[in-house]
Amino acid sequence: MHRQFVEIFDQLVEGVFCVDANWHFTYLNPSARRLLLVGDEVLGRAIWDVYPEALETVFEEQFRRAVNSGTATDFEAFYPRKLIWIRVNAFPFEHGLAVCFADTTATRNARKKLMELSRRLRERNRVCDQAEAFAQTIAHDLLQPLGAILGFSEALTSSAVDELGPDSAHFLSSIQIAANHLNDVSKAIMVLSGVGSEEMNWAQVNMSTLAYECIEILRAAHPQSKAKCSIAPNMLVWCDPRLLRVALQNLLANAWKFSGNEPQPYIEVGMEIGATSEISHYVRDNGVGFDMFGADQLFQPLQRFHADAFEGYGIGLATVKSVIDRHGGRLWAVSHPGKGSTFYFTLPHRP
């Protein structure tokens with residue numbers, strides 16, 4: 001073999017060997033020697049004598065076909081002697097056959113694992129889609145009878161208030177409170193289930209403006225609040241504006257609620273640049289905070305911290321998590337009891 005070719009083949013990661021017209025080994029590069037666990041002792045010996053197990057297999061069939069037809073061939077096959085899969089390219093030349101081969105076992109295993117993960121993901125998405133559709137259907141179907149219950153109970157309160165005794169008036173009030181609660185939960189579930197099903201509409205948005213608008217809604221709903229709010233200016237992000245508004249509204253509503261009993265409630269919306277240049281946005285408050293033990297359940301539906309002291313349905317943070325997941329971002333919290341909470345989230349630089 002020409003020295004120039006030998007120098008090239010000797011540097012290849014793939015194994016290369018050559019056999020002459022009588023199938024005798026004439027060359028093996030270092031990778032072939034390592035992969036086949038052989039050395040100079042096989043030079044001059046017939047390939048079928050060194051590897052008799054290759055007779056009457058796809059290896060012999062393809063090698064002889066290449067030599068007889070004078071055309072190159074490529075194939076992938078399992079080699080039982082080493083329990084590996086090999087990708088093979090065989091090139092006939094005037095005096096024999098050159099074979100280039102590589103161990104593809106790891107690649108095949110990775111491909112198989114990827115296919116299995118893909119199958120599981122499809123199955124998980126199918127189950128999630130069914131669960132979302134079921135939750136939305138149940139919540140939607142509850143709204144109509146709940147509306148009737150609320151309507152009739154309010155009508156009964158207005159028309160028969162003088163005829164109702166104290167106990168009956170109390171029972172009727174309890175019915176209205178429970179119906180209103182279930183009505184709010186049903187609407188929250190519809191919002192949560194809708195987050196994962198609607199198409200994303202990406203745009204560059206000034207998140208500072210969105211946060212300011214969300215704060216104004218909270219101020220209008222709670223005019224007696226003395227909360228002070230600080231919003232960093234010009235926080236430009238790529239997002240679905242409608243979904244990000246939903247996330248911000250829930251985060252800010254939580255901050256408003258859990259800091260409401262402080263002498264001077266304080267809420268901050270801002271951004272930080274981490275050590276890896278990753279930009280994180282956050283909503284911070286000086287409220288009651290929470291113990292980080294068990295915080296991994298914080299973003300699960302119907303999970304509530306401080307359930308005995310604050311109203312809520314356990315849907316808000318799950319909705320935020322769903323929104324941030326849809327954007328391909330991350331969401332996490334840092335908190336200490338009595339020292340407030342900070343909810344961080346990331347968004348893609350650009351979709």
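The values are calculated or read from the model by the stated rules, or taken from the named source; none is laboratory data. Since this is a predicted model, take the numbers as computed values, not measurements. Please note: Cβ atoms are built from the backbone with ideal geometry, for glycine as well, and neighbour counts cover all protein chains shown.
Going through the stretch 207-260 one residue at a time, which ones are within 15 Å of PHE343 (Cα to Cα), in contact (Cβ under 8 Å) with a residue 60 or more places away in the chain and polar (S, T, N, Q)? ASN250, ASN254, SER259, listed by residue number.
When the criteria are applied in full, GLU154 meets the requirement of being in contact with a helix residue (DSSP H, G or I) (Cβ under 8 Å, 6 or more places away or on another chain) and either at pLDDT 75 or above or in the same structural domain as GLN249 (by TED's automatic domain parsing) (or both). For the residues THR57, THR107, THR71, the requirement of being more than 15 Å from PHE17 (Cα to Cα), among the hydroxyl-bearing types (Ser, Thr, Tyr) and under 42 Å from the mean Cα position of the chain (by Cα) singles out THR107. With respect to the conditions (1) in the same structural domain as ALA247 (by TED's automatic domain parsing); (2) modelled with pLDDT under 75, ALA211 falls short on a single one, namely (2).
Scanning the stretch 232-247 for residues that are surrounded by 19 or more Cβ atoms within 10 Å (Cβ to Cβ) and either aromatic (Phe, Trp, Tyr) or in a strand (DSSP E or B) (or both) gives VAL237, CYS239. Please find, within the stretch 328-351, the residue that is surrounded by the most Cβ atoms within 10 Å (Cβ to Cβ) out of those that are of a type in the set (Phe, Trp, Tyr) and either touching a His at 6+ places or on another chain (Cβ under 9 Å) or part of a loop (DSSP other than H, G, I, E, B) (or both). The qualifying residue surrounded by the most Cβ atoms within 10 Å (Cβ to Cβ) is PHE345.
Looking at the stretch 95-130 only, could you name the residues that are part of a helix (DSSP H, G or I), of a type in the set (A, V, I, L, M, F, W, C) and either at pLDDT 85 or above or closer than 29 Å to SER69 by Cα (or both)? Selection gives ALA106, ALA110, LEU114, MET115, LEU117. Being surrounded by 14 or more Cβ atoms within 10 Å (Cβ to Cβ) and among the hydroxyl-bearing types (Ser, Thr, Tyr) is the filter here; which residues of the stretch 248-302 pass it? Matches in the stretch 248-302: SER259, TYR266, SER280, TYR282. Residue-level analysis places GLN300 among those that are modelled with pLDDT under 90 and in the same structural domain as SER335 (by TED's automatic domain parsing). So, in the stretch 31-50, of the ones that are within 18 Å of ILE86 (Cβ to Cβ) and exposed (fewer than 14 other Cβ atoms within 10 Å of the Cβ), which residue ends up modelled with the lowest pLDDT? If we take residues in the stretch 31-50 being within 18 Å of ILE86 (Cβ to Cβ) and exposed (fewer than 14 other Cβ atoms within 10 Å of the Cβ), then LEU37 is modelled with the lowest pLDDT.
What pairs come up if the first residue lies in the stretch 26-38 and is touching a residue at least 60 places away in the same chain (Cβ under 8 Å), the second is aliphatic (A, V, I, L, M) and assigned to a strand (DSSP E or B), and their beta carbons are under 6 Å apart, counting only those six or more places apart or on different chains? As it stands, the answer is ALA32/VAL16, since those pairs meet every condition given. If only residues of the stretch 60-94 that are small (Gly, Ala, Ser) and part of a strand (DSSP E or B) are counted, the one that is farthest from THR26 (Cα to Cα) is ALA77. Restricting to the stretch 248-288, count the residues that are in a loop (DSSP other than H, G, I, E, B) and more than 27 Å from ASN201 (Cα to Cα). Qualifying residue count for the region: 13.
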